[in-house]
1. Conditions first: (1) touching a residue at least 40 places away in the same chain (Cβ under 8 Å); (2) more than 30 Å from A:SER17 (Cα to Cα); (3) within 14 Å of another protein chain (Cβ to nearest Cβ); (4) not basic (Lys, Arg). B:TYR16 passes all but one, so which condition is the exception?
2. Within the range A:105-127, how many residues are in contact with a helix residue (DSSP H, G or I) (Cβ under 7 Å, 6 or more places away or on another chain) and in a loop (DSSP other than H, G, I, E, B)?
3. Can you go through A:ALA205, A:ALA189, A:ALA135 and tell me which one is buried (at least 20 other Cβ atoms within 10 Å of the Cβ), under 20 Å from the mean Cα position of the chain (by Cα), part of a helix (DSSP H, G or I) and at pLDDT below 90?
4. For B:HIS152, all conditions in the list (1) within 13 Å of chain A (Cβ to nearest Cβ); (2) more than 17 Å from B:ASP73 (Cα to Cα) hold save one; what is the number of the exception?
5. Out of curiosity, is B:ASN49 within 10 Å of another protein chain (Cβ to nearest Cβ) and surrounded by 23 or more Cβ atoms within 10 Å (Cβ to Cβ)?
6. Are any residues in the range B:198-227 among the acidic types (Asp, Glu) and touching a helix residue (DSSP H, G or I) at 6+ places or on another chain (Cβ under 8 Å), and if so, which ones?
7. Filter the range A:230-268 for residues that are more than 30 Å from A:GLY74 (Cβ to Cβ) and either at pLDDT below 70 or exposed (fewer than 14 other Cβ atoms within 10 Å of the Cβ) (or both) and give the result.
8. Would you check if B:ARG143 is buried (at least 22 other Cβ atoms within 10 Å of the Cβ), at pLDDT below 95 and among the charged types (D, E, K, R)?
Amino acid sequence: MITSFLDRLTEGGSPWSVWLRQTLAIMGLETKKSFLGRRLIAVYFLALAPVAVLVIRIMVPLRPEELGTPGEAGMVFAVVFQTFVLRFSVFFGCMSIFTNLFRREVMEKTLHFYLLSPVKREVLVVGKYFSGLIASLVFFVGSTIACFLLVYVPYGNKFMEDFFLEGVGTQQLLTYASVTTMACVGYGAVFLLIGLYFRNPIFPAGLLLGWETINFLLPSFLQKISVVHYLQSLCPVPLPLGPLAIITEPTSAWVSVPGFLGLTILVILASALQVSRLEVTYGAD
Amino acid sequence: MTDQDKIVVDNVSKFYGEVLGVNRVCLSIPPGITSLVGPNGAGKTTLLNLICGLLRPTKGKISVLGQTVNEPDLLYRKLGYCSQFDAFPRGLTGLELIYGYLKVYGLSDREAHQMAWSALETVNLTDAANRRVHAYSKGMRQRVKLAQAISHRPQVLILDEPLNGLDPMARAEVIALFQRLAADGAHVLISSHILHEVDMISDRVILINNGYVVAEGNIRGVRDEMDEHPMQIMVRCDRPAAVAAKAFEQDHAVEVKMHEDGQGLMIRTRSADQFYLMLNRIVLDCNLNVEAVAPADDDVYSVYQYLIGTDGGRL
């Protein structure tokens, strides 16, 4: 058998170190694409819009009775987080980022540069997924943290110190950040798969959005087949869902987090399977 | 030579739905320069993409130096492909493009930088290494694609229309590079429509039309097997009439055309070997003064015209 220059990469060593290097290299190439480009204007808007609203709220002086109590502010944040951030901002942001990881390269006819590299297709999927994940975390976890801090800024430095250093502020902040992270992990995997199976991801994404939106009206066992159910279970402040909601026991974090991550891995494997069958037929796209 | 040293295409067909890409292709390609020739839409790019694993055959099997094309992590260690796609990832310079993908191959920073620079040197593109690829001319883009294909020093180099867009100087340099790689034992498989260059550089040709391989092998060998098209031989000598007279005494001569200046003739013969023997005898017996003898239609262009013709489409 003829050996090639690159064969020595795996000679006598574990392939994992090569796969890790390759994953990091793919992430390196993808990073620039993940943060720059006109396509990302909508993502920047989704991430920065709530921050901008809260900055404006700080800049407009309010009377104490208009400001409300910190508890009310926490409730407002919980509502905004679970309705706008999770169901809209992160959802559409992840859709834009993850469905385009492969589709954009097919449209730009550059995917063959990766497909012609001595890289396992599974490694390619993982590298691209992580690059999308890093971008979505920077956008949306950053936005969540900024919003949570900005909600409490009008109550002054003394309150901020007490709330974050001695109260539940830091714990709530970390919980919200973790829920946003989970949202990016879960929606990211789902949209990566959708982007690979559908030429136009709008239709399946619309179906998914509808499913996630009416989730609280569905029977308990169907509620558990959704991303948002698990994310809401983890939120520190539960929201009233209205008279039509079917109340389902929240899934414990010890079950929901590993289960969620397990499902995410399965979805990423399904994406890898699709990429392993991928053919370059740019003309047909 | 075993299959471990060849590109083997075993009864491969590819259909795009109802549309035929290639059909029942069987090839065994040894090291050296092999050219794939055929009209537009003949199936050249489909065949190259199948060999590179970018497409999957509907039927049949392909192996490259014993390696199945279904394992890209192993296949592309040995294979470099310069595709016809003229698109590049946005925002990258020539150096970043090659360096970035060499990193994806698993090389260290230092190795990737060294090899990227070396590949750019090979194609004479170091002056533009730090310019964005999108600002390159067509010829420079062609060269950076070539640099990317050879950057990891593959044993098999597959090139889809690599001479397109190159100026004559760059073309000569690139051809010299192919010849160097082939001399070092590499497989160089080229799809091209520039027939005189194909003829000049190829050890073998594969003629493809409408998805079928119509001929393959050494071009002279292919020509020799085309009995239905008598070989044309040009002879420049002082007494062409004597040669013509002797030629018509033989069964193999089909047609003779005298040159207008009376200093040569063009003969069509079914057996070039018999004609050359006869010519030797005439030279000895009649003291014929021969200035030149050359086959006139055993090049790729002629074979192409005979087998595919103008009906095959535009080159």
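1. All conditions are met except number (1).
2. 6
3. Criteria check complete, one pass: A:ALA205.
4. (2)
5. yes
6. Across the range B:198-227, the qualifying residues are B:ASP199, B:ASP203, B:GLU216, B:ASP224.
7. A:GLY262, A:ILE265, A:LEU266 - these are the residues of the range A:230-268 that are more than 30 Å from A:GLY74 (Cβ to Cβ) and either at pLDDT below 70 or exposed (fewer than 14 other Cβ atoms within 10 Å of the Cβ) (or both).
8. Taking the combined requirement at face value, the residue satisfies it.
The values are calculated or read from the model by the stated rules, or taken from the named source; none is laboratory data. Since this is a predicted model, take the numbers as computed values, not measurements. Counting neighbours? That spans all protein chains shown, and the Cβs are built from the backbone with ideal geometry, glycine included.
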